Amino acid sequence: MESTGGIERGVVQVFQQHNIAVAVINPKRARDFSKASGRLAKTDRIDAEMLAHFGEALQPLPKPLATEEQRALSDLVHRRQPVVEMMNDERRRRHSAHNRTAQADIDSHIAWLKQRLKALDAEIDQLRQADADWQQRYEWLTSVPGVGRVVATTLLALLPELGQLSTKRLASLVGVAPFNFDSGKLKGKRHIVGGRALVRSALYMAALVAVQHNPVIIAFYERLLARGKEKKVALVACAHKLLGILNALVTQQQSWQPPRAATPA
């Protein structure tokens, strides 16, 4: 089925409770597949037939079975994001406001949003700490320089496949896998496409921190810049590499080990 901004979750839950595997795909992928198949018209019946054909042809990965706690954590993480965005928007408005009444109203709203954010974070922490497996994974993830509480919790909530799939498959799911755009002798720029926006954003922010504090990512980032890569392209590559490190740690069930300094000859 297509992702519909969360409305599909109830249907997914019902299918999974009846042991029916279900894959949730990006609507753009479905529509592009339909066009490529020559089905330009769009009706509910055509969409249903096209999704069935899509599943048979491409065999998308089934969505992992989510527990009630997993769904609760996902809801809280999804809710946290717009609260942060509203607070940032209000801060920008405060900067440009000159009327005292408007300033006071904005300040009041920012204070309220801070309280809501604090309450959400407390609820997220409590839910995570109540699950021993989550807490152990959280400790592995946050042992990596550049990965803090928000990034680790986002991965726990929205990327349950971490530690179960190859980094290549995860990168495609998240949207940090570069895809070629080549034709004949033409070598086009590689681009990232689709993926889980919140997870991708969290990994990108982690990469911004890691290029300042993580020795492995710092060295990787500097090599990319030395090869002439644009900073944004290099940061996306760092997010990809960081995902690989995190996936390996969860798979191997261990914490980050800083690289050893080279021994002088």
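The values are calculated or read from the model by the stated rules, or taken from the named source; none is laboratory data. What you see is a predicted model; the values in this text were computed from it and never measured. Cβ coordinates were reconstructed from backbone atoms using ideal geometry, including for glycine residues, and neighbour counts include every protein chain displayed.
Tabulated data
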read-out	value
Sole residue being surrounded by 13 or more Cβ atoms within 10 Å (Cβ to Cβ) and within 17 Å of the chain's Cα centre (by Cα), chosen from Ser172, Ser143, Ser166	Ser172
Single unsatisfied condition, Phe33 versus (1) within 24 Å of Ala72 (Cβ to Cβ); (2) within 25 Å of the chain's Cα centre (by Cα); (3) modelled with pLDDT of 85 or more	(1)
Residue ID - surrounded by the most Cβ atoms within 10 Å (Cβ to Cβ), chosen from residues in segment 202-220 that are of a type outside the set (A, V, I, L, M, F, W, C) and over 10 Å from Leu235 (Cα atoms)	Asn214
Total residues in segment 245-265, condition surrounded by 11 or more Cβ atoms within 10 Å (Cβ to Cβ), farther than 14 Å from Gly146 by Cα and not β-branched (Val, Ile, Thr)	4
Qualifying residue in segment 66-87 (condition: surrounded by 15 or more Cβ atoms within 10 Å (Cβ to Cβ) and at pLDDT below 85)	yes
Pairs with Cβ under 9 Å, 6+ apart, first in segment 229-247 and not assigned by TED's automatic domain parsing to the domain that holds Ala171, second surrounded by fewer than 21 Cβ atoms within 10 Å (Cβ to Cβ) and modelled with pLDDT under 95	none
Residue count for segment 1-58, restricted to those that are loosely packed, with under 14 Cβ neighbours inside 10 Å and outside any helix (DSSP H, G or I)	14
Scope segment 73-98; condition among the polar types (S, T, N, Q) and under 17 Å from Ile124 (Cβ atoms); matching residues	Ser74, Gln81
